[in-house]
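In what follows, a single structure is set out as structure tokens and then discussed.
The values are calculated or read from the model by the stated rules, or taken from the named source; none is laboratory data. Bear in mind that the values here come from a model prediction, so they are computed numbers and not experimental data. Here the Cβ is made from the backbone with ideal geometry for all residues, glycine too, and neighbour counts use every protein chain on show. Heavy atoms of the whole protein, side chains included, go into the accessibility calculation; ligands, DNA and RNA do not. Shrake-Rupley method; radii C 1.70, N 1.55, O 1.52, S 1.80 Å.
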Amino acid sequence: MQSEQPVRQALLTACQTYVQQRIDTARQAMEAAQASANEESKSSAGDKYETGRAMAQIERDRHAQLLAEALKLQQELARINIDKAYETVQPGSLVSTDRGRFFISISAGKLTHAGVDYFAVSPASPIAALLVGKRTGDVVTFNRQPYRLLTVE
């Protein structure tokens with residue numbers, strides 16, 4: 001349905017902003033950890049130098065992993081087609097149920113658009129795994145609660 005395209009665009013943009021913030025934070029933290037490791041080599045000697053440098057390297061590696069995960073999310077978002085009208089739930093779908101609204105994209109949590117709450121969920125999340133492939137009118141049970149699909153767009 002064409003009327004939901006602006007909503008999907010706004011939600012996709014919010015997801016992209018979320019991922020970009022994660023990328024920026026991870027890059028800044030990596031740079032800070034690297035600067036710390038470099039500073040350790042200038043100001044320390046002996047075992048203390050090695051320990052401090054190793055800890056800074058571990059911290060840098062941890063942030064590198066977070067960066068890699070954020071870049072993967074960015075790639076997942078790039079594959080979403082929000083211009084398509086969906087009859088069954090799949091990545092890019094906007095699903096309204098009697099218990100909430102879901103944007104099948106990435107796990108970005110609760111997003112609000114025009115005063116309406118949506119949950120951005122990954123297709124691999126437990127709720128989305130139940131919804132994928134379903135149509136308007138179908139019912140899925142999640143946490144012992146029935147969810148009736150009111151619309152799939």
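With every protein chain kept in the model, how would you rank 113, 63 by accessible area, 1.4 Å probe, largest at the top? It would help to have the intermediate numbers written out before the result.
Values: 113 55, 63 25 Å².
Highest to lowest solvent-accessible surface, that is 113, 63.
About its Cα centre, the chain has a charge dipole of approximately 380 debye under the convention of +1 per Lys or Arg Cβ and -1 per Asp or Glu Cβ, with nothing else charged. Taking every C-alpha pair closer than 8 Å and separated by at least 6 residues, the mean separation divided by the residue count of the chain gives a relative contact order of 23 percent.
Ranking 110, 134 by solvent-accessible area of protein heavy atoms (1.4 Å probe, all protein chains present), from largest to smallest, gives 110, 134. Taking all protein chains into account, the per residue accessible area for the chain stands at 58 Å² (1.4 Å probe). A DSSP coil position with no more than 16 other Cβ atoms inside 10 Å describes none of the chymotrypsin sites (Phe, Trp or Tyr not before Pro) in the stretch 59-125. Please work out the FRET efficiency for the pair residue 125 and residue 69, using the Cβ-Cβ distance as r and a Förster radius of 22 Å; give the result to the nearest 0.05. For residue 125 and residue 69, the calculated efficiency is 0.90. The figure for residue 61 is an accessible area of roughly 80 square angstrom, using a 1.4 Å probe on the protein chains alone. What the pair-distance distribution of the chain shows, using all Cα-Cα distances binned every 10 Å from zero, is 11, 33, 22, 14, 11, 7, 2 percent.
For the chain, the 222 nm mean residue ellipticity estimated from helices alone, with every DSSP H stretch of n ≥ 4 adding -39500 (n - 2.57) and the total spread over all residues, rounds to -18000 deg cm²/dmol. Seen against the Cα atoms of the chain and their longest principal axis, helix 5-43 is set at about 10 degrees.
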